[in-house]
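Every number in this text was worked out from the coordinates using simple rules, so none of it is lab data. Predicted model only: the values in this text are computed from it and were never measured. Cβ: placed from backbone, ideal geometry, glycine included. Neighbour counts: every protein chain shown.
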Amino acid sequence: MDESTRVTLQKAINNGMVESFGGIVATGKEAVVIHATGGQTTEELQEPIPGELAVKVFKTTLNEFKNRQDYIANDYRFKDRFKKMNPRKIIRMWCEKELFNLKLLLKHGIPCPEPVTIKKHILFMRFIGDNGIPAPRLKDAQGCGQKY
């Protein structure tokens with residue numbers, strides 16, 4: 001984790017939005033998800049902070065994932081903002097895209113983590129699970145055995 005990311009996470013504690021950070025819940029090629037205990041509602045957020053948060057930290061050095069700009073280049077929501085830009089700004093827009101997509105899923109009644117806010121390349125959302133133990137992922141869920 002780079003210094004900028006550590007500073008941003010520390011600011012979340014300092015302003016009271018996060019009480020503490022726990023362990024890593026999941027890692028992937030684009031991000032690391034960390035469990036956190038929610039703090040108090042801040043001035044910039046009107047909604048109460050959930051008791052448990054999933055903090056998705058998008059990796060700022062994605063050497064093995066060079067085509068990341070392709071994921072936002074053709075998205076109409078970013079068309080005016082996207083040009084050849086530095087990787088940090090692309091990752092920030094990637095984070096914004098995930099925030100917008102989660103809000104869209106919720107709007108249409110599809111269960112997903114409820115987004116709280118973003119800070120730079122970090123997405124804060126409601127944790128799905130209890131006491132730091134994540135709920136089973138969809139790919140690991142046991143079905144009822146019926147075919148549709």
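Going by average Cβ neighbours within 10 Å, how do the peptides 105-115, 30-40 rank, with the highest at the top?
With the highest mean Cβ count within 10 Å placed first, the list reads 30-40, 105-115.
Please list 3J(HN,Hα) in residue order for segment 29-40, calculated via the Karplus relation 6.51 cos²θ - 1.76 cosθ + 1.60 where θ = phi - 60°; whole Hz, with x for glycine and proline.
Those phi angles translate into 6, 9, 7, 10, 10, 10, 7, 9, 9, x, x, 9 Hz.
Quick one: what are the phi-derived ³J(HN,Hα) couplings along segment 90-107, Karplus 6.51/-1.76/1.60 with θ = phi - 60°, whole Hz, x for glycine and proline?
My calculation for segment 90-107 gives 5, 5, 4, 5, 4, 4, 4, 4, 5, 4, 4, 5, 5, 5, 5, 4, 5, 4 Hz in order.
Which whole-Hz couplings ³J(HN,Hα) result when phi for each residue of segment 126-133 is put into the Karplus expression 6.51 cos²θ - 1.76 cosθ + 1.60, θ = phi - 60°, listed in order with x for Gly and Pro?
Once θ is set to phi - 60°, the couplings for segment 126-133 become 5, 7, 9, x, 9, 6, x, 9 Hz.
Taking amide H atoms as placed 1.01 Å from N in the peptide plane, list the residues 5 or more away in sequence, or in a different chain, whose amide H sits under 5 Å from that of residue 119.
Here 124 satisfy the definition.
How do the peptides 117-124, 5-12 rank, highest first, by the average count of neighbouring beta carbon atoms within 10 Å per residue? Kindly include the intermediate steps, with their values, before the conclusion.
Values: 117-124: 19.8, 5-12: 14.9.
With the highest mean Cβ count within 10 Å placed first, the list reads 117-124, 5-12.
Under the 0.36 nm per residue contour assumption, what length would be gained going from the current alpha-carbon distance of residue 100 and residue 112 to full extension?
Numbers: separation 12, 0.36 × 12 = 4.32 nm, distance 1.23 nm.
So the extension gain works out to 3.1 nm.
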